[in-house]
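Student: The structure is given below, and queries will be raised subsequently.
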Amino acid sequence: MNAIHKIKVAELGSGGGFGGGGRGPSRVMDIMYNLTDRYGPRLTNSPQFRAAGQWAAGQLKEWGLSNVQLEKWSSDMPGWECTYFAGSMVEPTYQALIGVPVAWTGGTNGVVTGEAIVAQIQTPADMDKFHGKLKGKIVLTSPALELPFPTTPLAHRYTEAELAELVPEIIPTGAGGRGGRGGRGVLAAGQPQMTVEERQAFQSRLRTYMKDEGVLLTLTATARGDSGTLFGGGAQTSTRNPNGTATRVPLETLESSPPQVSLTAEHYNRIARLLEHNVPVKLQFDIKTQFDANTDSFNVIAEIPGAAKKDELVMVGGHFDSWHYGTGATDNGAGSAVSMEVMRILKSLNLKMDRTVRMALWSGEEQGLLGSRAYVKEHFADPAVMKTTAEHGRLSGYFNIDNGTGRIRGVYLQGNEMMRPIFEAWFAALKDMTEGVVTIRNTGGTDHQSFDAVGLPGFQFIQDPMDYETRSHHSNMDVYDRIQQADLEQMAVIEAAFVYNAATRPDKLPRKELPAPQPAGGRGGY
Ligand SMILES: [Zn+2]
């Protein structure tokens with residue numbers, strides 16, 4: 001309890017209360033500034049991602065952490081950045097457009113002006129229908145979107161009733177559990193149901209089709225991306241084969257693909273409605289993107305060596321990479337900054353911990369938990385064969401943060417009932433900072449799954465939703481200002497306490513049984 005109190009004071013100061021506007025000892029907002037405003041966004045393998053990694057490694061070394069490294073893994077993603085964007089409607093009247101090019105798409109090769117056309121292409125038959133009609137055109141990939149009147153607050157914290165609802169076991173329905181994030185990317189509404197492979201194959205064909213048809217660029221929007229906000233994903237950098245392997249899309253193919261631009265919904269809808277009324281619309285774009293053939297990626301690693309059981313490990317982290325639409329603040333600068341802050345506090349307090357604490361900040365999460373999967377495969381076990389390493393036997397557990405800026409309200413057990421009394425006891429010591437709701441449920445969508453997939457205890461906290469789904473998650477408004485300082489400070493204290501407890505308790509954390517091998521990689525949702 002004394003150590004937990006020291007952790008609180010190290011983060012919050014002794015003056016009481018958190019969120020003191022930067023006056024306390026916390027460094028978490030300084031870390032956040034560097035990860036976002038200064039070095040962000042951190043699209044995997046982009047120049048900004050690499051610079052942010054260098055900064056993080058330098059900072060971790062400055063704090064005296066051990067074994068700091070950018071641990072390489074081989075990805076299939078080239079570097080990419082957008083170095084210039086201008087987009088406007090020029091006829092029937094001028095309007096500046098709010099838009100951002102989709103990751104890993106090409107540029108316009110100078111200023112281009114073209115007529116807009118709606119061409120919703122969802123099937124091979126649609127391709128035939130528009131064949132020869134798209135040359136020199138700027139294609140809207142769906143008709144005008146229905147924008148519902150917002151009747152609920154953009155941001156909210158869990159009420160006590162909502163937290164209570166998270167506790168009971170879910171009777172399986174075959175649908176994804178809470179935390180699954182459907183509808184990723186920029187697929188138009190009403191897209192026909194396809195398997196991942198079918199959709200990838202169709203998308204690849206569509207890219208070639210758009211290029212072959214002489215399309216200047218394509219525009220997308222989502223109903224969620226309204227009021228100046230826009231959401232987006234990235235062009236595929238590899239195509240998944242039915243046998244589970246992946247084929248990298250050649251760099252030249254990516255570079256020469258027509259740019260895709262995600263627009264905010266109201267601007268998109270104005271263009272679409274003018275076209276519906278048979279008013280010709282001319283749009284003008286100038287887009288520059290740059291590729292880098294280097295597909296090597298890295299996870300950021302740092303350690304605090306343990307004492308009596310220094311060969312045993314407790315891990316903490318979250319994904320370091322982001323999308324490029326904003327600066328990657330809530331997704332997942334928050335989890336990265338908190339992880340770094342946890343390491344800083346524990347190191348500065350010089351607390352005696354038996355086990356080694358290792359932080360890992362992952363890359364490639366947004367493209368399918370790729371960095372953490374590569375790490376787990378390298379260090380612990382390949383889920384395809386489930387043959388474990390010696391290090392697999394020495395890892396106690398992994399704690400992950402990747403649900404935005406909202407403070408910790410509890411934890412998901414991932415079906416590990418043996419963890420319930422342990423987490424309840426840990427939360428009891430933090431009663432003044434969180435309810436500490438413990439639910440048996442799984443949550444998906446992030447890197448603790450890579451550990452869970454090979455039978456290692458990996459956990460993600462329950463966090464307040466805030467405006468993650470409505471405003472910041474994968475949007476152009478995922479920026480520093482969406483971060484709530486007091487929430488990050490609360491997270492840092494709780495996660496540091498959890499890590500400390502895991503590193504000092506007599507036994508490693510209890511594990512579920514080792515799962516059966518999952519041939520073909522077993523890629524889950526993310
Ligand atoms: Zn994330």
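Student: Filter region 141-165 for residues that are assigned to a loop (DSSP other than H, G, I, E, B) and at pLDDT 95 or above and give the result. Give the steps one after another, and end with the answer.
Tutor: From region 141-165, those assigned to a loop (DSSP other than H, G, I, E, B) are 141-155, 157-159; that's our starting set.
141, 142, 143, 144, 145, 146, 147, 155, 157, 158, 159 - these are the residues of region 141-165 that are assigned to a loop (DSSP other than H, G, I, E, B) and at pLDDT 95 or above.
Student: Considering only region 378-400, I want to know if a residue exists there that is assigned to a helix (DSSP H, G or I), of a type in the set (Val, Ile, Thr) and either surrounded by fewer than 18 Cβ atoms within 10 Å (Cβ to Cβ) or more than 16 Å from the ligand (Cβ to nearest atom) (or both). Walk me through how you get there before you give the answer.
Tutor: The first filter runs over region 378-400 and keeps only residues assigned to a helix (DSSP H, G or I), leaving 378-379, 390-394.
Now restrict to residues that are of a type in the set (Val, Ile, Thr): none.
There is no residue in region 378-400 that is assigned to a helix (DSSP H, G or I), of a type in the set (Val, Ile, Thr) and either surrounded by fewer than 18 Cβ atoms within 10 Å (Cβ to Cβ) or more than 16 Å from the ligand (Cβ to nearest atom) (or both).
Student: Suppose we keep only residues that are within 16 Å of the ligand (Cβ to nearest atom) and not hydroxyl-bearing (Ser, Thr, Tyr) within region 421-450. Which one would you say is nearest to residue 362 (Cα to Cα)? Can you show your working first?
Tutor: Taking region 421-450 as the starting set, the residues that turn out to be within 16 Å of the ligand (Cβ to nearest atom) are 443-450.
With not hydroxyl-bearing (Ser, Thr, Tyr) added as a condition, the list becomes 444-445, 447-449.
On the way: 444: 16, 445: 14, 447: 8, 448: 11, 449: 13 Å.
For region 421-450, the residue satisfying everything is 447.
Student: Please list, ordered by first then second residue, the pairs with beta carbon atoms under 8 Å, 6 or more apart or interchain, first in region 299-319 and without any contact (Cβ under 8 Å) to a residue 60 or more places away in the chain, second part of a loop (DSSP other than H, G, I, E, B).
Tutor: Cβ pairs passing all conditions: 307/352; 307/353; 307/354; 308/354; 309/354; 310/354.
For every residue, the table says whether it meets (1) more than 14 Å from residue 356 (Cβ to Cβ); (2) modelled with pLDDT under 95; (3) of a type in the set (A, V, I, L, M).
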residue: 309; (1), (2), (3): no, no, no
residue: 312; (1), (2), (3): no, no, no
residue: 324; (1), (2), (3): yes, no, no
residue: 333; (1), (2), (3): yes, no, no
residue: 337; (1), (2), (3): yes, no, yes
residue: 346; (1), (2), (3): no, no, yes
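Student: Can you say whether residue 307 is among the hydrophobic types (A, V, I, L, M, F, W, C) and over 23 Å from residue 39 (Cα atoms), as far as the supplied structure shows?
Tutor: Details: among the hydrophobic types (A, V, I, L, M, F, W, C): yes; over 23 Å from residue 39 (Cα atoms): yes.
Yes, satisfied.
Student: Is region 424-444 home to any residue that is basic (Lys, Arg), surrounded by fewer than 19 Cβ atoms within 10 Å (Cβ to Cβ) and in a helix (DSSP H, G or I)?
Tutor: No, every residue in region 424-444 fails to be basic (Lys, Arg), surrounded by fewer than 19 Cβ atoms within 10 Å (Cβ to Cβ) and in a helix (DSSP H, G or I).
Student: Among the residues of region 485-524, how many are closer than 17 Å to residue 458 by Cβ, modelled with pLDDT of 95 or more and polar (S, T, N, Q)?
Tutor: 1
Student: Let me ask something else. Is it true that some residue in region 410-420 is within 14 Å of the ligand (Cβ to nearest atom) and closer than 30 Å to residue 234 by Cα? Give the derivation first.
Tutor: At the first step, the residues of region 410-420 found to be within 14 Å of the ligand (Cβ to nearest atom) are none.
Taking every residue of region 410-420 in turn, none turns out to be within 14 Å of the ligand (Cβ to nearest atom) and closer than 30 Å to residue 234 by Cα.
Student: Still on this structure, I have one more. Can you confirm whether residue 127 is over 24 Å from the mean Cα position of the chain (by Cα), assigned to a helix (DSSP H, G or I) and surrounded by 15 or more Cβ atoms within 10 Å (Cβ to Cβ)? Give the steps one after another, and end with the answer.
Tutor: On the way: over 24 Å from the mean Cα position of the chain (by Cα): yes; assigned to a helix (DSSP H, G or I): yes; surrounded by 15 or more Cβ atoms within 10 Å (Cβ to Cβ): yes.
Yes; evaluated as a whole, the condition is true for this residue.
Student: Which pairs turn up if I take residues in region 459-475 that are over 23 Å from residue 498 (Cα atoms) and look for partners that are away from the ligand (no atom under 13 Å from the Cβ) and β-branched (Val, Ile, Thr) with beta carbon separation below 7 Å, at least 6 apart in sequence or on another chain?
Tutor: Short answer, once both residue conditions are applied: 471/229; 475/229.
Student: Between a residue in region 324-338 that is on the phi > 0 side of the Ramachandran plot and any residue that is of a type in the set (Gly, Ala, Ser) and not in a loop (DSSP other than H, G, I, E, B), which pairs come within a Cβ distance under 9 Å, given they are 6 or more apart or on different chains?
Tutor: Short answer, once both residue conditions are applied: 328/52; 328/336.
This table checks each residue for (1) assigned to a strand (DSSP E or B); (2) of a type in the set (Phe, Trp, Tyr).
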{"site": "288", "(1), (2)": "yes, no"}
{"site": "291", "(1), (2)": "yes, yes"}
{"site": "297", "(1), (2)": "yes, no"}
{"site": "300", "(1), (2)": "yes, no"}
{"site": "307", "(1), (2)": "no, no"}
{"site": "312", "(1), (2)": "yes, no"}
{"site": "316", "(1), (2)": "yes, no"}
{"site": "324", "(1), (2)": "no, no"}
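Student: When the residues of region 327-371 are filtered to those that are among the charged types (D, E, K, R) and within 10 Å of the chain's Cα centre (by Cα), which remaining residue is nearest to the ligand (Cβ to nearest atom)?
Tutor: Residues of region 327-371 that are among the charged types (D, E, K, R), as a first pass: 331, 341, 344, 347, 352, 354-355, 358, 365-366.
Cutting the leftovers down to within 10 Å of the chain's Cα centre (by Cα) gives us 331, 365-366.
Numbers: 331: 4, 365: 6, 366: 7 Å.
So, considering only residues that are among the charged types (D, E, K, R) and within 10 Å of the chain's Cα centre (by Cα), the one nearest to the ligand (Cβ to nearest atom) is 331.
Student: Continuing with the same structure: Condition first: of a type outside the set (A, V, I, L, M), under 26 Å from residue 364 (Cα atoms) and outside any loop (DSSP other than H, G, I, E, B). Can you find one or more residues in region 509-521 that meet it?
Tutor: Filtering region 509-521 down to residues of a type outside the set (A, V, I, L, M) leaves 510-513, 515, 517-519, 521.
Adding the requirement that they be under 26 Å from residue 364 (Cα atoms) leaves 515, 517-519, 521.
Filter again for outside any loop (DSSP other than H, G, I, E, B), leaving 519, 521.
Within region 509-521 (the criterion being of a type outside the set (A, V, I, L, M), under 26 Å from residue 364 (Cα atoms) and outside any loop (DSSP other than H, G, I, E, B)), the answer is yes, since at least one residue qualifies.
Student: Give region 286-326 a look and list any residue that's more than 22 Å from residue 448 (Cα to Cα), buried (at least 22 other Cβ atoms within 10 Å of the Cβ) and either of a type in the set (Gly, Ala, Ser) or within 14 Å of the ligand (Cβ to nearest atom) (or both), or say none.
Tutor: Within region 286-326, 324, 325, 326 meet the criteria.
Student: For region 466-482, enumerate the residues that are within 14 Å of the ligand (Cβ to nearest atom) and not in a strand (DSSP E or B).
Tutor: 468, 469, 472, 473, 474, 478, 482
Student: Moving to a separate point now. Which condition does residue 212 not pass, out of (1) modelled with pLDDT of 85 or more; (2) surrounded by 14 or more Cβ atoms within 10 Å (Cβ to Cβ), if it passes all the others?
Tutor: Every condition holds for residue 212 apart from (2).
Student: Please count how many residues of region 448-465 are in a loop (DSSP other than H, G, I, E, B) and under 30 Å from residue 264 (Cβ atoms). Before you say what the answer is, go through the steps one by one.
Tutor: First, the residues of region 448-465 that are in a loop (DSSP other than H, G, I, E, B): 453-457, 464-465.
Applying the additional criterion that residues be under 30 Å from residue 264 (Cβ atoms) yields 464-465.
Selection size over region 448-465: 2.
The values are calculated or read from the model by the stated rules, or taken from the named source; none is laboratory data. Keep in mind that this is a model prediction, so the values were computed, not measured. Counting neighbours? That spans all protein chains shown, and the Cβs are built from the backbone with ideal geometry, glycine included.
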